[in-house]
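The values are calculated or read from the model by the stated rules, or taken from the named source; none is laboratory data. Everything numeric here is computed off the predicted structure, so don't read it as measured data. With ideal geometry, Cβ positions are generated from the backbone for all residues, glycine too; neighbour counts draw on all protein chains shown. All accessible areas refer to the heavy atoms of the entire protein, side chains included, with ligands and DNA or RNA removed. Shrake-Rupley method; radii C 1.70, N 1.55, O 1.52, S 1.80 Å.
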Amino acid sequence: QVQLVESGGGLVQAGGSLRLSCAASGRAFSYYFMAWFRQGPGKEREFVAAINWSGRNTYYADSVKGRFTISRDKTKNTVALQMNSLKPEDTAVYYCAANRFSMATVSSSYEYWGQGTQVTVSS
């Protein structure tokens, strides 16, 4: 069982930066694939970024590539999402997710989810 708690959301102007953090608890977290998803107003949940268990491999949605960076700290059991050059279209609730099997981009592949943190980007 893995519990995930996100933090770091807030209100920021376009062009600004935010850093989201996901704190994980539970056994064997270090061996889980981790990802960030987001769900904007009236939209379906969409993939943002993923990272493998070692932290060496990452994958990003085209919409955030070059602006967002996912990382993990295995000593602290945390996963972070550094978001730079934010745009109003990045406004969404951001969710941290974990699964044991792959660095997937579909939400149904993830077994564990956090409660989400709101990110609002003003124009």
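The set of residues in the range 81-102 that are open to solvent by 40 Å² or more (accessible area, probe 1.4 Å) and of a type in the set (S, T, Y) comprises S85, S102. With the structure loaded, tell me whether S71 is over 12 Å from the mean Cα position of the chain (by Cα), among the small types (G, A, S) and surrounded by 13 or more Cβ atoms within 10 Å (Cβ to Cβ) or whether it fails that test. Considered against the rule, which asks whether it is over 12 Å from the mean Cα position of the chain (by Cα), among the small types (G, A, S) and surrounded by 13 or more Cβ atoms within 10 Å (Cβ to Cβ), S71 comes out as no. Can you find even one residue in the range 50-62 that is in a strand (DSSP E or B) and among the small types (G, A, S)? Within the range 50-62 (the criterion being in a strand (DSSP E or B) and among the small types (G, A, S)), the answer is yes, since at least one residue qualifies. Cβ-Cβ contacts under 8 Å between residues 6 or more apart (or on different chains), taken from a first residue in the range 19-31 that is at pLDDT 95 or above to a second residue that is crowded, with 16+ Cβ neighbours inside 10 Å and among the β-branched types (V, I, T), are listed as L20/T117; L20/V119; S21/T78; S21/V79; C22/T78; C22/V79; A23/T78. Scanning the range 14-31 for residues that are assigned to a strand (DSSP E or B), surrounded by fewer than 18 Cβ atoms within 10 Å (Cβ to Cβ) and among the aliphatic types (A, V, I, L, M) gives a single hit, A23. Just one of the listed residues (T58, T78, T105) is surrounded by fewer than 20 Cβ atoms within 10 Å (Cβ to Cβ), under 22 Å from V2 (Cα atoms) and touching a Cys at 6+ places or on another chain (Cβ under 7 Å), and it is T78.
Of the residues making up the range 74-98, not one is more than 13 Å from the chain's Cα centre (by Cα) and part of a strand (DSSP E or B).
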